[in-house]
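Written below as C-alpha cells is the structure these notes are about.
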Amino acid sequence: MAEPNHEPAARTLFTTGTRGFGDYVFEITSDDESTARYVQQLVAAFGLADGDDRSIHRFEVLNGEDGGDRLVVDGEEISGDPVPGRIVHALVHILTRRLLDSCDALGLHAGGVTSNGVGLAFPAHMESGKSTLTTGLVRAGFGYLSDEAVLLDWETLMVIPFPKPISLDPGSWHLFPELEPQAPLPSGYKENEWQLPPSAIRRDAVAGSCRIEYFVFPKYADGAETRLTPIRRAEATIELAKNTFRFNERPRRSLDALAAVVHDVDCFQLSIGDLETAVALVTELVEVGR
C-alpha cells in the first residue's frame, strides 16, 4: 500500500517506497493516492532498497494546472500530458531508460523468459511481437525476465533479470482480455498502452538469474504461417548485434561477448501469425531439448 509522505507545503505525497535496480535507487511519489498505488504495483518487482537522500532519484507524478499531469524527475519537469492518467506511460518508459543506462551489462533489445532454469531470449526490433510472445509464455507458466531488455553480465554471461512492467500495445489486447488494467484512475492510463506488473499474470512470475540457451528471433505478420526455423549461429550473431544497446559505443567488447554467448546456444527464427501456436512451438522446443 502506498504510504503517505507529508511535505512542508501542506501537499500530501504518496510514495512507492525507495526501490533499486543495481546501483540505481529511486522513489516514485504522486499527489494522487490511486496513481501511487497503481505505480507501486508496476514497480513492485524491483525490491525495496536503502539509499541516502543524495543518491535517491526522485520521480514525481503531479496533477497539472490544466487538469492533466506532470512528470518531474530530480526536480526537473521531464514530461507533461493533458490527458489525465496517461503520464504513466511516460513514467514507465523514462524510468526504464534510466535504469538501463545505469546498468553496465551487455544489453539486448529482447524479451526473455525461463523454464526450469533454461533461459530463452527473443531479440527483435519494435513491433515484432516480443512483448506479446513474452506475455503469452509467462501466462503459459514460463518465468519472466523482461519484455524489453535481456541483460547479460559481461564476465559470466548470466542474465541479470530486469522485471520492468510489461508494455502491451492495442494490437495484442484482444489476446489477453483478463489482463486489462482495472485501476481506479482516469482512463488515460490505459488509453494507448497497457502497463502490467508481472504479478498481474502470475504471482510468482518473476524469475531469477539463468543462462540463455535459446535465441529465438520473433517476427509477427498478420496471417503468416507460425513456424520455428533453425538459423546458423553466425547469422544469429549479426542479428544480435543489430539488437544490442549501445553497440557502437563498445563494438569490440560487445561483439566478443555476443560470439561467446552464441557459441553453445541454439538459434531460431519464429514467424508468428498465431500466438497460441507460437507459445506451443516454444514450449515444445524447450521440452524436447531437456
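Each value in this text was obtained by applying a stated rule to the coordinates, not by laboratory testing. Nothing here was measured: the structure is a model prediction, and the numbers come from that model. Cβ coordinates were reconstructed from backbone atoms using ideal geometry, including for glycine residues, and neighbour counts include every protein chain displayed.
Given N residues in the chain, what is its alpha carbon radius of gyration divided by 2.2 N^0.38 Å?
Numbers: Rg = 19.5 Å, N = 290, 2.2 N^0.38 = 19.0 Å.
It is 1.03.
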Be a star and scan region 98-129 for residues whose amide nitrogen sits under 11 Å from the point 7 Å along the Cα-to-Cβ vector of ILE78. 98-101
Taking the 0 to 90 degree range and rounding to the nearest ten, how far is the long axis of helix 33-43 tilted relative to the main principal axis of the chain, both from C-alpha atoms? 20
Order by protection proxy (mean Cβ within 10 Å, highest first), peptides 113-124, 22-33, 237-248: 113-124, 22-33, 237-248
Skipping prolines and chain starts, which residues have an amide H placed within reach, meaning under 5 Å, of the one on VAL25, given they are 5 or more residues away or on another chain? HIS57
Between 0 and 90°, nearest 10: helix 87-102 axis offset from the chain longest Cα axis: 60
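With r as the distance between the Cβ atoms of LYS219 and GLU249 and R0 = 25 Å, compute the FRET efficiency 1/(1 + (r/R0)^6) and round to 0.05. Don't skip to the answer; put the middle values down first.
Numbers: r = 27 Å, r/R0 = 1.08.
Calculated value: 0.40.
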Degrees, to the nearest 10: 275-289 long Cα axis against longest axis of the chain: 60
Once amide hydrogens are built 1.01 Å from N within the peptide plane, the residues lying 5 or more places from SER79 or on another chain with amide H under 5 Å from its amide H are LEU71
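Using C-alpha positions alone, give me the convex hull volume of region 3-102 per residue in cubic angstrom.
Numbers: hull volume 10.0 nm³, N = 100.
For region 3-102, the hull spanned by Cα atoms encloses 100 Å³ per residue.
Taking square-rooted eigenvalues a ≥ b ≥ c of the alpha carbon gyration tensor, is region 62-186 rounded, prolate or oblate, where a/c under 1.5 means rounded and, failing that, a/b exceeding b/c means prolate? Intermediate values should be presented prior to the final figure.
Working: a/c = 2.71, a/b = 1.43, b/c = 1.90.
Judged from the Cα gyration tensor, region 62-186 comes out oblate (a/c at least 1.5, b/c at or above a/b).
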For SER187 and ARG54, calculate 0.36 nm times their separation in residues minus their Cα-Cα distance, and state this gained length in nm to one decimal. 44.4 nm
